[in-house]
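Working notes for the structure below.
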Amino acid sequence: MSNQVVVGIPAGVVNVKGTARYYINEADVKGIIKAGGIPVMIPSQARDFVDYYVESCDGFFFTGGPDVLPSFYGEEPHVKMGFSDIQRDRLELSLAKKALAAGKKALGICRGLQVLNVALGGTLYQDLESEYEKTTHPLIRHFQAAPTTEPTHYVQIEDKTRLHNLFGSRWLVNSHHHQAVRQVAAGLKITARAQDGVIEGLESQVNDQVLAVQWHPEIQVVTDSKMQKIFDNFVEHLRA
Ligand SMILES: [Mn+2]
């Protein structure tokens, strides 16, 4: 069983009928298992054991979730900033920094892409609608009203990227975010953008450590089976 790979997945807290519980969305776990990886939950309170997780997991999957506290990238909270979870921020930022420094690989989805960017020194738009500087195109809708299973906008994908190998130069994706990457961290490159220029994908510049998308492939996979390729590609790279 030496070909098995273990994927650490940080979990946030959700309040269920007055009881605080750790959670990872089922769709995220399914994506990893279907790709052949073994998922391991990392509760946000386990921050003291980050070194253990970095050593014992082959890779890490940073999932969707609440807004990263802007103090972690040197800003005061914008009036349109959303819900946040400081314990999860602390765990994930520490884990991302230490894991990448140790040469481990990471998959980031939605908030996960943003966490990886912030961990490496990048910044975010706290609220696209109020902060995004309009370039050649007006801002499109990134917080779709349609069910998340349905794709709503295109992404343009850069040549010679892992994303391009999976989807080609253009693909229709879902969109469930009001924040986005502003300044790209050193060491990362942009792999996909929406029509308005909003960053929809990031990868490592010189190696295969980071694969990240702004949309939700784990949910879109219900209507587009190709979305599983993101998980498959991540786990394949963990085996390599
Ligand atoms: Mn989008």
| said: Only one of 233, 207, 165 is of a type outside the set (D, E, K, R), surrounded by fewer than 19 Cβ atoms within 10 Å (Cβ to Cβ), farther than 24 Å from residue 81 by Cα and in contact with a Lys or Arg (Cβ under 7 Å, 6 or more places away or on another chain). Can you tell me which? | reply: 233
| query | When segment 48-72 is examined, which residues are found to be within 28 Å of residue 3 (Cα to Cα), in a helix (DSSP H, G or I) and either open to solvent by 40 Å² or more (accessible area, probe 1.4 Å) or of a type in the set (D, E, K, R) (or both)? | reply | 49, 51, 52, 55, 56
| query | When residue 45 is evaluated against the numbered criteria (1) of a type in the set (S, T, N, Q); (2) open to solvent by less than 60 Å² (accessible area, probe 1.4 Å); (3) farther than 25 Å from residue 236 by Cβ, which criterion, by number, is the only one it fails? | reply | (2)
| remark: Within segment 202-240, the count of residues that are under 24 Å from residue 143 (Cβ atoms), β-branched (Val, Ile, Thr) and part of a helix (DSSP H, G or I) comes to 2
| Residues of segment 129-173 that turn out to be modelled with pLDDT under 95 and not in a loop (DSSP other than H, G, I, E, B), as a count | 3
| said: Under 8 Å between Cβ atoms, which residue pairs at least 6 apart in sequence (or on different chains) link something in segment 138-153 that is away from the ligand (no atom under 12 Å from the Cβ) with a partner that is open to solvent by less than 40 Å² (accessible area, probe 1.4 Å) and of a type in the set (D, E, K, R)? | reply: 138/196
| Candidate set from segment 160-191 (those that are among the basic types (Lys, Arg) and without any contact (Cβ under 8 Å) to a residue 60 or more places away in the chain); member that is nearest to the ligand (Cβ to nearest atom) | 170
| request: Run residue 201 past the list (1) closer than 18 Å to residue 111 by Cα; (2) surrounded by fewer than 17 Cβ atoms within 10 Å (Cβ to Cβ) and report the number of the one that doesn't hold. | output: (2)
| Within segment 73-101, tally of residues that are assigned to a helix (DSSP H, G or I), open to solvent by less than 70 Å² (accessible area, probe 1.4 Å) and either closer than 17 Å to residue 21 by Cα or not small (Gly, Ala, Ser) (or both) | 10
| message | Looking only at segment 123-137, count every residue that is β-branched (Val, Ile, Thr) and either within 12 Å of the ligand (Cβ to nearest atom) or open to solvent by 90 Å² or more (accessible area, probe 1.4 Å) (or both) and tell me the total. | response | 2
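The values are calculated or read from the model by the stated rules, or taken from the named source; none is laboratory data. A quick note: this is a predicted structure, and the numbers were derived from the prediction, not measured. Glycine also receives a Cβ, built like all others from the backbone with ideal geometry; neighbour counts cover every protein chain displayed. The area values use the complete protein model at the heavy-atom level, side chains included, leaving out ligands, DNA and RNA. Shrake-Rupley method; radii C 1.70, N 1.55, O 1.52, S 1.80 Å.
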